[in-house]
Structure formats: structure tokens, C-alpha cells
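The values are calculated or read from the model by the stated rules, or taken from the named source; none is laboratory data. Everything numeric here is computed off the predicted structure, so don't read it as measured data. Positions of Cβ are generated from backbone atoms using ideal geometry, with glycine treated the same way; all protein chains shown enter the neighbour counts. Ligands, DNA and RNA are stripped out before the accessible areas are found, and what is left, the full protein with its side chains, is counted by its heavy atoms. Shrake-Rupley method; radii C 1.70, N 1.55, O 1.52, S 1.80 Å.
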Amino acid sequence: QILALGWTTVPAAACSVGAGVTIIPMLAARFGLAPRLGALLACGTSICGVTAISAVAPAIAATQAEVAIAVANVVAFGSVGMLVYPHVAAALFPPSDSRAIGLFLGLAVHDTAQVMGCAASYAEQYSDAAVVGAAAVAKLTRNVFLAAVVPLMAVRHAAGATGGVTAKTFAAAVPAFVG
């Protein structure tokens, strides 16, 4: 299904996730937010919303307050995106390019359920059911990156306490991800 959507799906998802998990923590630090909150916001925004936040939180020892703030932000902005992005897609892309529209919606909206709602809304408003499948494939491609990002965040945050990634910090982070 990924290949049917086009070869650009995987690199587009990789760039989206990579940019998010790199840039959002830097912005969070610039605005004075805690590093763990920045990591949760980055993963929730870049990968798969609340699921990513729930997966990353125990691996980085996030507090309940940090999790609650991250979830609230991802849900709020994802909900706004779900309502706005179908119209943005209609303005940006030719109506005949269902794959590009689906890719855009699958990469732009945070949570998987919100992506599907957004794509269904587009399909209903603009009579293009193919967008739903394209958005689903793009979104699920993003979701796959959770398997790499959770241990990465665990190592980053374990390393932050000691000043660098060592065999010991990596070994300590892996059980946090698996457990």
C-alpha cells in the first residue's frame, strides 16, 4: 500500500518525524518548557498523538502534569487541524491529486483518529474517497517511526542526566522502553 501511494511516502514521513523530534524540543527549550515536556510534544505532534505521548512518557520518566499538558495540546491542535486542513488541502492541491492530498492530511494532523476524520471530511466535502486510503497509509507510515523514537528519547533523556550517551545509559534506557 505504501508503494501504491508513491515512493515519496516513506521519505516524507521520515522528514516529518525527523523534523518534529528535532525542532520541537529546541523550540520548547527556547520557550522555557521542561525537556521532557518538549519530548512529549515532539513525539505527539510528529508521530501519532496521544499514543506516542503514552509510549514515550514512561521511557523518559515524564510527570503526570507533563503528560496531561502534552495530551491537551496534541488533542486541541489536532482537533483544529481536523476541521481546517481539509479546506487547506483543497486550496493547495489540484482536486485530481488524491494521493498528494491524502499524503498532506496524513502528515499534517497529529492523531490517527483525527487523520481519518479529517480525510473522511475531505472525501465527503469534495467527493474524493481515495483521499481516505492515501491519508491512512501516510499516517500509519508515520506511526511506524514510534518503534525507533521511543528508545531514542529514552536514551536522550538518560544521557541528559549523565552528560552523554554511554553503554550504561543505553542499557538503562532499553528496559524503560520494553517495560
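Converting phi to 3J(HN,Hα) with the Karplus coefficients 6.51, -1.76 and 1.60 and the offset θ = phi - 60°, the range 86-99 yields x, 6, 5, 4, 5, 7, 8, 10, x, x, 7, 9, 4, 5 Hz in sequence order, with x at every glycine or proline.
Each Cα pair under 8 Å and six or more residues apart adds its sequence gap; the mean of these over the residue count of the range 87-133 is a relative contact order of 36 percent.
Between His87 and Phe31, what FRET efficiency comes out of the Förster formula 1/(1 + (r/R0)^6) with R0 = 25 Å and r the beta carbon distance, rounded to 0.05?
Working: r = 29 Å, r/R0 = 1.16.
Result of the calculation: an efficiency of 0.30.
Here the calculated FRET efficiency for Glu124 and Ala148, from their Cβ-Cβ distance with R0 = 41 Å, stands at 0.75, rounded to the nearest 0.05.
Would you list His110, His87, His157 from the most to the least accessible area, probe 1.4 Å? Spell out each step's value before the answer.
Working: His110 25, His87 90, His157 50 Å².
Heavy-atom accessible area, descending, gives His87, His157, His110.
Accessible area of Glu124 (1.4 Å probe, protein heavy atoms only, ligands and nucleic acids ignored): about 150 Å². Working note: Karplus 6.51/-1.76/1.60 with θ = phi - 60° gives the range 9-22 the couplings 4, 5, x, 5, 5, 4, 5, 4, 5, x, 5, x, 6, 9 Hz, where Gly and Pro are set to x.
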